[in-house]
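The values are calculated or read from the model by the stated rules, or taken from the named source; none is laboratory data. This one's a predicted model, so the numbers in the text were calculated from it and none came from an experiment. Using ideal geometry, Cβ is built from the backbone for each residue, glycine included, and neighbour counts are taken over all protein chains shown. Note: areas computed on protein heavy atoms with side chains; ligands, DNA, RNA excluded. Shrake-Rupley method; radii C 1.70, N 1.55, O 1.52, S 1.80 Å.
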Amino acid sequence: MNSKTLFFLICLSFCHFLQAQQADQAIETPTLIRNILEPTEPETSVSIFGNNLFSSVVIIKFYQNRNFEPAWSKNEKLSEMAYEMRYEIQQAKFDGLNAADYHLDLINTIFEKFETLDTRQARIEKSDVASIDILLTDAYIMLSSHLYLGKVNPENLNAEWNIQRSAPELNIDERLQVALSEGAIRKNIEELYPSFSIYKNMRDGLRTLFEFQTKFETDPIASWKGLKVDKSTKPGESNNNIPEIRKRLVFWGFLDENLSSKENLYDSTTVLGVRKFQKRHGMEPDGIIGQGTIHALNQTPKDLIATASVNLERLRWIPGNLKDQELILVNTANFQLDYIQNRDTLLSSRVIVGKSYHSTPQFSAMMSYIVFSPTWTVPRSITRNEIIPAVKRDNRYLARNNMEILTNTGQIVPSSTIDWSKVNPRTFPYIIRQRPGEQNALGLVKFMFPNKYSVYIHDTPSRNLFEREDRALSHGCIRLQKPFEFAKLLLSFDNKWSDEEIKKAMHLAKEKTVMLDRQIPVLIVYITYWADTNGNMYFRRDIYSRDSEIHKSLMEKRKN
């Protein structure tokens with residue numbers, strides 16, 4: 001190609017550019033917005049520079065109501081609200097959300113165009129004015145929806161979620177119009193947070209974790225290689241991991257760097273730091289460094305950011321109308337039940353929950369009655385896998401455990417009439433039931449909230465198990481450490497239920513059912529992170545391995 005030909009092509013390209021720019025400037029911004037949002041081809045998804053919009057009906061409705069006038073600029077200048085909206089998108093990470101879902105990179109690129117042209121006294125292209133307007137509106141719609149209902153649909157997860165939320169319609173287009181007219185984007189978005197006050201505490205905690213992450217990346221104090229432990233280390237003992245453990249305690253603020261030693265001796269100063277750290281992670285603060293403490297010490301800021309993000313999302317799934325009611329809240333990850341009235345916690349009790357392979361589900365139901373001195377009808381799976389093998393080893397097993405054999409019609413079958421050596425556990429035709437008493441697997445009382453999982457709260461004869469840190473030990477039901485105190489609170493509406501009457505009812509020869517005078521919401525959740533008003537953060541081990549699936553969905557960028 002000779003120089004004359006090249007010069008001609010450059011001139012031709014420049015003329016085409018000028019013509020396109022002039023054509024763009026000749027069309028008014030409202031027309032451009034309308035043209036973008038109303039493609040000529042049906043079934044065509046709307047996109048801006050390759051970024052598909054996530055909203056369709058709502059965004060059209062919003063612009064139709066304002067005759068497609070731009071919402072985020074005036075006289076081709078970005079408004080203060082536009083900058084505030086971009087800031088809110090950037091802050092979405094503190095809600096555990098992915099800012100990339102809200103066109104942040106493209107918004108930043110177009111913002112830079114506005115700012116660059118401002119310095120040159122040049123004129124912005126109207127197509128950019130229309131594009132940034134639509135992107136900011138789409139971002140507002142999606143961010144509002146995610147804050148209000150959550151980004152992840154819990155019904156699509158492997159771990160079953162059966163907590164129904166009937167949220168009022170949001171009318172996002174109307175909310176945005178009000179926010180713009182009042183100049184209050186931040187206030188408007190904040191109103192969409194879950195109504196539980198703890199949400200803001202958790203959000204502040206996540207912000208702090210991001211600060212730790214920055215500190216971790218810029219000036220790592222500890223090497224953060226995976227520590228391993230063969231046996232527990234007690235105060236006064238020596239261990240090669242102690243210097244690295246000290247570094248991590250200093251990093252998290254549980255140990256003063258000036259008081260930190262470099263020796264392998266596990267001294268009293270380090271013990272204090274370990275105890276504070278153990279308390280944050282839900283362990284017995286005994287200062288003994290075992291498997292649980294090492295697992296928690298191996299968590300990096302990035303790991304804890306993921307945990308915090310997941311739990312902020314979980315809070316968005318929980319019905320907000322529960323906060324002002326009488327409520328029974330069980331956090332299986334924390335092995336704890338709280339009985340709440342008018343936002344005051346009247347009782348906290350340790351609980352035992354399902355093993356990992358018998359995990360307690362997440363659901364809500366209504367408690368309506370109590371059963372004192374309950375019998376226990378042994379589930380067929382337990383009869384097959386545990387009871388029959390035990391009887392074959394010891395023919396006195398049923399008698400010693402106060403158990404009886406029944407037909408399906410309720411007739412008692414003497415154990416001596418059965419040839420246990422020939423019993424096939426899979427075809428055993430009878431029901432095994434344990435009579436009321438101190439030995440009963442359900443203890444002396446059970447609290448009933450009918451549900452499809454056949455899960456309930458009950459007492460237990462194995463009181464020593466409540467002293468264990470890891471209390472995922474049951475077949476799915478919830479064992480309560482303080483059954484008497486719980487029954488007393490639930491029955492406080494009736495004066496006849498004195499302490500003596502409750503204790504008597506717990507030691508009867510046969511079951512006694514007592515109906516409550518109201519139905520009480522029971523919420524069984526799985527929360528592995530929360531924070532308090534003092535800025536203290538608390539983490540719990542993901543005993544059911546439910547966090548990673550949610551985090552993956554949260555961080556996954558929505559597809560264009």
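Worth pointing out:
- Pair list, Cβ under 9 Å, 6 or more apart: segment 451-468 residue within 14 Å of V351 (Cα to Cα) and of a type in the set (V, I, T), other residue open to solvent by less than 40 Å² (accessible area, probe 1.4 Å) and assigned to a helix (DSSP H, G or I): I457/P483; I457/F486; T460/F466; T460/P483
- Among residues of segment 326-361 being without any contact (Cβ under 8 Å) to a residue 24 or more places away in the chain, part of a strand (DSSP E or B) and not small (G, A, S), the one that is surrounded by the fewest Cβ atoms within 10 Å (Cβ to Cβ) is D344.
- Among the residues of segment 56-90, those identified as among the acidic types (D, E) and farther than 25 Å from I27 by Cβ are E80, E84, E88.
- When restricted to residues that are under 18 Å from the mean Cα position of the chain (by Cα) and more than 14 Å from L206 (Cβ to Cβ), segment 300-320 contains 4.
- Summed over segment 362-398, residues that are out of contact with any strand residue (DSSP E or B) (no Cβ under 9 Å at 6 or more places or on another chain), open to solvent by 60 Å² or more (accessible area, probe 1.4 Å) and in a helix (DSSP H, G or I) total 5.
- Selected residue [at pLDDT below 95 and under 29 Å from the mean Cα position of the chain (by Cα)] from N158, N240: N158
- Residues of segment 75-89 satisfying the condition of being open to solvent by 70 Å² or more (accessible area, probe 1.4 Å) and either in contact with a Gly (Cβ under 9 Å, 6 or more places away or on another chain) or modelled with pLDDT of 95 or more (or both): E80, Y83, Y87
- A Cβ distance below 9 Å, combined with a sequence gap of six or more or placement on separate chains, defines the contacts here; from segment 276-289, residues that are over 16 Å from T233 (Cα atoms) reach residues that are β-branched (V, I, T) and assigned to a helix (DSSP H, G or I) in the pairs H281/T293.
- Residue match in segment 307-322 (condition: of a type in the set (D, E, K, R) and surrounded by fewer than 17 Cβ atoms within 10 Å (Cβ to Cβ)): no
- Residues that are under 15 Å from F111 (Cβ atoms) and either assigned to a loop (DSSP other than H, G, I, E, B) or of a type in the set (G, A, S) (or both) within segment 27-86 comprise F49, P70, W72, S73, E76, S79, A82, listed in sequence order.
- Restricting attention to segment 237-252, the residues that are within 17 Å of Q278 (Cβ to Cβ) and touching a strand residue (DSSP E or B) at 6+ places or on another chain (Cβ under 9 Å) total 5.
- Of the strands (runs of 3 or more DSSP E) lying entirely inside segment 421-524, not one contains at least 3 residues that are basic (K, R) and in contact with a strand residue (DSSP E or B) (Cβ under 9 Å, 6 or more places away or on another chain).
- If the condition is being open to solvent by 20 Å² or more (accessible area, probe 1.4 Å) and in contact (Cβ under 8 Å) with a residue 12 or more places away in the chain, then segment 95-107 contributes N98, A100, L104, L106.
- Count of segment 248-271 residues which are in contact (Cβ under 8 Å) with a residue 12 or more places away in the chain and either crowded, with 20+ Cβ neighbours inside 10 Å or within 18 Å of Y538 (Cα to Cα) (or both): 9
- Matching residues, segment 108-162, being open to solvent by 20 Å² or more (accessible area, probe 1.4 Å) and among the polar types (S, T, N, Q): N108, T109, T116, T119, Q121, S127, S145, N153, N156, N158, N162
- K512 being open to solvent by 70 Å² or more (accessible area, probe 1.4 Å), at pLDDT 95 or above and under 11 Å from I370 (Cβ atoms): yes
- Contacts under 7 angstrom Cβ, first residue in segment 217-232 being in contact (Cβ under 8 Å) with a residue 12 or more places away in the chain, partner part of a loop (DSSP other than H, G, I, E, B) and of a type outside the set (S, T, Y), 6 or more apart: G226/N298; L227/N241; L227/N298; V229/G290; S232/I288; S232/G290
- Among the residues of segment 397-429, the ones that are within 17 Å of R380 (Cβ to Cβ) and either in contact with a Ser or Thr (Cβ under 9 Å, 6 or more places away or on another chain) or free of Cβ contacts under 8 Å to residues at least 12 places away in the same chain (or both) come to 13 in all.
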